Every structure is written in structure tokens, then in C-alpha cells.
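Visitor: Have a look at this one before I ask anything.
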Amino acid sequence: MQKIERDVVVIGAGASGLTAATELRKAGLTVAVLEARDRVGGRLWTDDIDGATLEIGGQWVSPDQDALIETLDDLGLETYERYREGLNVYIGPTGEKRTFEGEIFPVAAQTEQEIVTLIEKLDALVAEIDPDQPWAHPLAKDLDEISFSRWLETQTEDEEARENIGMFIAGAMLTKPAHAFSALQALLMAASAGSFSNLVDADFILDKRVVGGLQQVPLLLAERLGDDVHLNSPVRTLRWGPDGVTAISENVEVSARFAVLAVPPILISRISYEPPLPRRQQQLHQHLSMGFVIKVHAVYSTPFWRTNGLSGTAFSPYELVHEAYDNSYHGDPRGTLVGFVADEAADGVFAVSEEERKQRILESLSHYYGDEALTPEVFYLSDWGSEEWTRGAYAASFDMGGLARYGADLRTPVGPIHFSCSDLAGKGYQHVDGAIRMGIETAAAIVERAGA
Ligand code: FDA
């Protein structure tokens, strides 16, 4: 067992933990980062699968994500635009395929009006929400007591309008059914991205990608930290008290003045605390759970949809794959589609054989792009639900009533222990931008306490 002493021990080498460690070091403090996996990056993971470079985890950067953009600049990373020329595809409740331009789906005029009105209402509500403290909204408790699906029912009788608006937050973001989270949680999701309109605008929210993959961020940050990053070191025990902490993993033990727990909140309770964490934290962490989505990649010899006049962007709340995009990798002449299968639909395809799962998913893609979509050269499913050190995708959100009840203590430190993760962020919540913001804020709070 290697025993080391540092000013701060950071637990978790995702974007948040590595940013915190980098900032702490810049301020003159010594750090050690303990990472459970044999790689850094957590939910950022770029890999070569059967000769194709794929983003198994997070990948997109949007123009408002200034903390992430600054980090990309600092690390000298270049970005490129997602392909978006041509027509988008929408499939309605009867299975009819229609093409369209812009953000509003080609639905009946009455439904379109309902969708526009709902977006306006949501934008107005979101403008009143401070993403850093949604619980402070005067109606926070009421909004947290009603599920997003029920709230939508109180706004419109048009089912197709509700399904479409619900999809943007449920399947596409929180990756839970719209009956499983509150209207307040939905508003936080939209407020964290600036507005509901931003979430609806795929050209905004899914704007750029990073040459070499987004995992370059944690990889390069870790490279700078060098030997202070310890892989294969899951922290099992954290002793803490007024004088500091001792983080104990299988092969390294770090004594430090402060700890940064930079892990998804659902994994906080996998560590044994001596003494136990206070009642409030023990309670609140039980009210957060991971969403679940399968990210599917299909690589073809050519981006055939482009020659058919399609952008690759496709949506349908009625399809197994509820959204899909052109995800061709920078410089690769082949065409790649990425699609998403969320929450209960994801449970459904994991209940069938691997072969049937693949067939069902490809069939759904073929409904958008035609039969050519049925025969990719490479097919890959990101299965984050099976990853012991993540347990779902994309991130964690509160159960009904949890955000108003516990939200204010989400980021409150416990003695020498600070919490840092994208899932705890306000602006940039559930995104790499939020992970980095939290890392910066957490480091600043520790630097102030340390008097460094
Ligand atoms: P993260 O989970 O990445 O890191 C935590 C680290 O802690 C992990 O490395 C884990 O192994 C480690 N750990 C856990 N317990 C430990 C213990 N006891 N001891 C030691 N180490 C421990 N975002 C975005 O901005 N754009 C996008 O396009 C997407 N798309 C997307 C797709 C998919 C499929 C996923 C899964 C996620 C995204 N995201 C995204 C979300 C984004 O990836 C995510 O918000 C951040 O990467 C989270 O970074 P954190 O550092 O907060 O946690």
C-alpha cells in the first residue's frame, strides 16, 4: 500500500475531478487524484471500435458552454461542426415519414400552434428559474409536486404536442419517462441550457465536436497532472474529521486536508465513511437516480442519406430510436449515424437477444433513412447501465419532490469533503460544461478555506 500526503485528495478522474485538481494545483496546493477505472474520463470515452472512432460517452459542445470552450482552447483542441445540410425527418403517430427544415416538426397546423405556445410558456417559466437555485423559485414546491407529463396535460389536450415537447426533456435529456420527474426538474434542465428553445434547437445544443474526441479533455488534463493521477484505485473508505481526511483505495492511501468527491452522486454511497456522512446527505443522495439511454452508432461505407438530400437529423417520439443525427467522424469518408433509445424503450431492447436488439434498432433507423440503414459496416451500443462506476446515462436527477426538498444542500460541503460533478451543476447541468464549472467552483472554495 502506497501512503501519500497531499493538500487535497480528488476522488474521480472525470472532467470535474481533473478540472478541480488542475485548478487546485494552479493555486499552489498539492493534489492526488484517485480513479476507480483503468482510464480517465468517466463518462467521456472515445474509442476505436472495429476501425471506427466513436464517442461512447459525451461528445457535443454548444456555443453557450463557455467553461468547456475555454478548456478546449487552453488544451489546444480543435472543433468541427456536425453535418446539418439538407432536410430533417419526422415520423408522426401513424408512422408517416415527413421531411422538414428548421426546429418545428411537420405536424398538423393546430398541433404546430400548440407546440409553439408550449415552447413560449416554457421559455417564460424557464426565464424565471435560476439554474443554480431552482428551489428558490416562489412556485418551486408546487412545480416539484407535479410530474412533467401531468403538467403538460394541464397545458394542452393535444397529445402529439405533449409527446413532442415531453421528448425534448424526457427521452432526450433526463432520459427518464416524463411521469418520473417533476416539472421543476424539467425547468432546471432547460434553464441550465439557457432556455427551452435552446434544447429544441439541435443546431445549438448539438453544435460542435472535438477533433480527436471529447475524451481528449480529461486525457490532456491528466497528462499535465502526471503521477498524481492514480488509476485502478477505487476509494472504498473515507475517514474524515476536523483535521482532514484519509482516502483509502486498494493500493493507495492519501491523507489530505480536504477531499473532493468528484463522482456521480449515486456512487457517493458506495464509499464507507468513518464517521458516516450526516443525516441530510445520507437522505438526499437516496433521492437522486441515474437516467438511462442507449447511444447507438452505425457506420456505413458512405453517408448515403446526404446524397438523398437528408441532413441525418431525425426525430420521433413514436420510434424506438427517438432522435438520430449524422455523426460522421472528422476526416473519415464513411458515414456514421448516432441514435438514442431512452428509458423504458431501452429496458425493452435489453430484454431481448443481442441479435434482435440490433435488428430492432436498425429497423427503427431504416424508418428514417430507408433500407440502406439496415446494413452498417460497424454497429455499436454504448451500455452505460452496465458500467459499475457510472450505472446509467446521461446523468442523475431527483425523484418527484426531491429538488425542492434537498436541492439547496446538493453542493454543501461536509467538513473537509466537497462535492463536484456535472450532475450537481446549475448552468451546464448534466453536461461536460457543468462538470468543469463545478470543478472550478469547488477548487476556488477549497483554496479560500485553505488560505492558499
Ligand atoms: P464522471 O462520471 O465522468 O466522472 C466520475 C469519475 O469518478 C469516473 O471516472 C468514475 O470512474 C470515478 N469514480 C466513481 N466512484 C469512484 C470511487 N469510489 N473511487 C474512485 N473513482 C471513482 N455531455 C455533454 O456535454 N455533451 C454530450 O454530447 C453528452 N453526451 C453524453 C452521452 C452519453 C452516452 C453519456 C453517458 C454522457 C453524455 N454527456 C454529455 C454527459 C457528460 O459526459 C457528463 O456530464 C460528464 O462527463 C460528467 O463528468 P463528471 O466528471 O462530473 O463525472
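Visitor: Counting each DSSP H run of 4 or more residues in the chain as -39500 (n - 2.57), what helix-only mean residue ellipticity at 222 nm follows after dividing by all residues, to the nearest 500 deg cm²/dmol?
Guide: Value at 222 nm, helices only, nearest 500: -9500 deg cm²/dmol.
Visitor: With +1 assigned to the C-beta of every Lys and Arg and -1 to the C-beta of every Asp and Glu, and no other charges, what is the dipole magnitude of region 315-452 about the Cα centre in debye, to the nearest 20?
Guide: 780 debye
Visitor: Short version: ³J(HN,Hα) in whole Hz for each residue of region 225-240, in order, from phi by Karplus 6.51 cos²θ - 1.76 cosθ + 1.60 (θ = phi - 60°), x for Gly and Pro, what are they?
Guide: 7, x, 5, 7, 9, 10, 7, 6, 10, x, 6, 9, 9, 10, 8, 8
Visitor: Okay, moving on. Roll a 1.4 Å probe over the protein heavy atoms and report the accessible area of ARG162 in Å², nearest 10.
Guide: 50 Å²
Visitor: May I pose another question? May I ask for the equivalent-ellipsoid semi-axes of the chain, computed as the square root of five times each C-alpha gyration tensor eigenvalue and listed largest first in whole Å?
Guide: 37, 26, 19
Visitor: Is the shape of region 49-180 rounded, prolate or oblate, going by the alpha carbon gyration tensor and its root eigenvalues a ≥ b ≥ c, with a/c under 1.5 for rounded and a/b larger than b/c for prolate?
Guide: It is oblate, given that a/c is not under 1.5 and a/b is not larger than b/c.
Visitor: Give me the orientation-averaged projected area of the Cα convex hull of region 104-200, in nm², one decimal.
Guide: 5.4 nm²
Visitor: Right, next: By how many degrees, 0 to 90 and rounded to 10, does the Cα axis of helix 354-369 deviate from the longest principal axis of the chain?
Guide: That works out to roughly 60 degrees.
Visitor: Next up: Ordering LYS427, LYS176 from largest to smallest accessible area (1.4 angstrom probe), what's the sequence?
Guide: LYS427, LYS176
Visitor: May I ask you to rank MET400, MET189 by accessible area, largest first, using a 1.4 Å probe over the protein chains only?
Guide: Largest to smallest exposure gives the sequence MET400, MET189.
Visitor: Could you tell me which of the pairs LYS176/LYS427; LYS141/LYS295; LYS176/LYS295; LYS176/LYS358; LYS26/LYS208 are separated by over 26 angstrom between their Cα atoms in the structure shown?
Guide: Working: LYS176/LYS427 20 Å; LYS141/LYS295 33 Å; LYS176/LYS295 15 Å; LYS176/LYS358 22 Å; LYS26/LYS208 29 Å.
As for pairs spanning more than 26 Å Cα to Cα, those are LYS141/LYS295; LYS26/LYS208.
Visitor: List the relative contact order of region 1-107 as a percent without decimals, with contacts defined as Cα pairs under 8 Å and 6+ residues apart.
Guide: Relative contact order here is 15 percent.
Visitor: Determine the sum of side-chain charges near ALA52: Lys and Arg each +1, Asp and Glu each -1, restricted to other residues whose C-beta is under 10 angstrom from that of ALA52.
Guide: Charge balance near ALA52 sits at -4.
The values are calculated or read from the model by the stated rules, or taken from the named source; none is laboratory data. Note that the structure is a prediction, hence the values are computed from the model and not measured. Counting neighbours? That spans all protein chains shown, and the Cβs are built from the backbone with ideal geometry, glycine included. Calculation scope for accessible area: heavy atoms of the full protein, side chains included, ligands and nucleic acids excluded. Shrake-Rupley method; radii C 1.70, N 1.55, O 1.52, S 1.80 Å.
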